[in-house]
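Any read-out appearing in this document is the output of simple, stated calculations on the displayed coordinates, not a laboratory observation. Note that this is a predicted model, so its numbers are computed, not measured. Counting neighbours? That spans all protein chains shown, and the Cβs are built from the backbone with ideal geometry, glycine included.
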Amino acid sequence: MRVIFYFMETPSQEISTATQYLEKITRVVIDYSPKLISAFLLLFVGLYTIRFINRLAKKIMTKRELDPTLSQFLANILLWALRILLFVTFISKLGIETSSFVAILGAAGLAIGMSLQGSLSNFAGGMLIILFKPFRVGDTIEAQNQIGTVDEIQIFVTKLISANNQVIFIPNGILSNGTIINYTLNGKRRIDLVFSLSYNTDIKKAKEIITKVLQSNEKVLKDPMPVVAVKDLTDSAIHIAIRPWATNEDFPGVSSQILEDCKTAFDQEGISIQPFIKNN
């Protein structure tokens with residue numbers, strides 16, 4: 001026969017136990033309160049300081065006329081970097097071990113970086129384009145076998161508008177590492193035209209006619225001077241090169257107008273353009 005005894009705490013014992021727990025909690029709060037107060041004080045002061053530094057950095061970049069896209073991006077990077085540093089300092093001040101946290105953060109950053117290699121390459125390319133400015137918004141460029149006017153320079157891609165109003169997106173990674181032809185940078189362009197004339201043509205007369213056509217066109221620049229010269233003597237024709245200059249805005253129209261005016265002038269003077277002869 002088993003006898004089971006049940007021991008129950010009396011009200012006085014319950015009060016004693018609660019008092020002990022309360023004393024322990026009080027001691028913990030008293031011992032930990034300096035760390036808690038200093039940690040939150042650091043947090044509030046740190047957040048205020050970060051906002052001040054961020055505003056100061058923006059003012060400095062604006063004063064130095066840094067590109068607005070780059071300024072905003074650098075300001076955001078600085079803001080989040082300082083916030084992460086403040087958070088790590090805050091939890092360290094609370095007495096929490098931060099070495100494992102930093103290791104986890106580093107491993108996560110490495111994993112994200114490995115999975116986003118292409119995006120990071122485009123990001124770095126965008127930074128280089130914004131920083132070194134091989135072209136600006138509004139410039140006409142040729143890159144990756146595409147020609148268009150730069151409409152927007154984003155962090156990962158550059159947006160072009162072609163002559164027939166097509167929208168072209170080129171990743172900044174390959175754009176920054178490839179060849180870029182900027183047609184707008186110098187403000188004017190040379191037009192390269194070639195006429196193939198018959199061997200019966202008086203070369204001097206033909207050059208005079210072309211020179212008059214160029215001089216009569218107001219949109220052809222006088223400086224640099226246009227060049228009219230014999231480029232080549234082939235088996236079937238005399239090739240005369242025409243190299244006038246025009247502003248970027250007038251370039252397409254001037255090129256077409258010169259071709260039309262030269263053809264009209266040749267017809268009036270009885271000069272025939274030699275057709276292309278294909279050798280069998």
Checklist outcome for this item: Note: the stretch 188-269, point scatterers on Cα, Debye, no solvent; log10 I/I(0) at q = 0.14, 0.17, 0.27 Å⁻¹ equals -0.44, -0.63, -1.40
Item to check | Neighbour-count ranking [beta-carbon atoms within 10 angstrom, fewest first] of Leu221, Leu56, Leu36 | outcome: Leu56, Leu36, Leu221
Checklist entry - Which lysines have a Cα lying under 22 Å from the Cα of Lys93, excluding residues fewer than 8 positions away in the same chain? => result Lys35
Next on the checklist: Using Cα-Cα distances under 8 Å and only pairs 6 or more residues apart, what relative contact order does the stretch 187-251 have, in percent?
Outcome noted: 51 percent
Item to check | Over 28 Å between alpha carbons, listed pairs Lys204/Lys263; Lys63/Lys219; Lys159/Lys231 | outcome: Lys63/Lys219; Lys159/Lys231
Checklist entry - Karplus couplings for the stretch 202-218 from phi (6.51 cos²θ - 1.76 cosθ + 1.60, θ = phi - 60°), rounded to Hz, Gly and Pro as x? => result 6, 4, 4, 5, 4, 5, 5, 4, 5, 4, 5, 4, 5, 5, 7, 8, 5
Checklist entry - Amide H neighbours of Val157 under 5 Å, counting only residues 5+ apart in sequence or on other chains, H built in-plane at 1.01 Å? => result Asn172
Checklist entry - If the label point is 7 Å along Cα→Cβ of Asn165, which residues in the stretch 233-268 have backbone nitrogen under 20 Å from it? => result 252-253
Item to check | Interchain or long-range residues, amide H under 5 Å from Asp139's placed H | outcome: Val150
Checklist outcome for this item: From fewest to most C-beta neighbours within 10 Å, the residues Phe40, Phe90 line up as Phe40, Phe90
